Amino acid sequence: MAARHPVRARRRPDPAAKAAGRAWVETSWLFFLEPLGPSRCRFISRYRTRTSDDLSTRLAYGVAIEPIGFAMDRRMLLGVKERVERGR
């Protein structure tokens, strides 16, 4: 089977902010193309977030961003699927 193809984007928090106890956010986004055979593959997207313990940051990135990110990610993946299938 062919090699796997990950693409990663990562945002690390400011070390000074983290050390000083200020609010911080660390995010990563992974796109992964997994071969399933000679003419099939699986396209996986994963978005992860870690935050400081302060309530406002946890609410903003947990409660507000997570559902919005899920909806945007799903729509993006469905759009990719549509374009790939249309090109066959």
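Here are a few things to note about the model shown:
- Of the residues making up the range 17-64, those that are among the aliphatic types (A, V, I, L, M) and outside any helix (DSSP H, G or I) are ALA23, VAL25, LEU30, LEU33, LEU36, ILE44.
- Taking first residues from the range 19-31 that are β-branched (Val, Ile, Thr) and partners that are at pLDDT 85 or above and in a helix (DSSP H, G or I), the Cβ contacts under 8 Å between residues at least 6 apart in sequence or on separate chains come to VAL25/THR57.
- Residue count for the range 73-88 satisfying the condition of being surrounded by 14 or more Cβ atoms within 10 Å (Cβ to Cβ) and more than 30 Å from ALA17 (Cβ to Cβ): 1.
- Summed over the range 31-72, residues that are under 23 Å from PRO13 (Cα atoms), surrounded by 12 or more Cβ atoms within 10 Å (Cβ to Cβ) and aliphatic (A, V, I, L, M) total 3.
- Residue tally, condition among the β-branched types (Val, Ile, Thr), touching a residue at least 12 places away in the same chain (Cβ under 8 Å) and farther than 22 Å from CYS41 by Cβ, over the range 53-88: 2
The values are calculated or read from the model by the stated rules, or taken from the named source; none is laboratory data. Worth saying up front: this structure is predicted, and the values here are computed from it rather than measured. In this analysis, Cβ positions are derived from the backbone assuming ideal geometry, glycine residues included, and neighbour counts consider all displayed protein chains.
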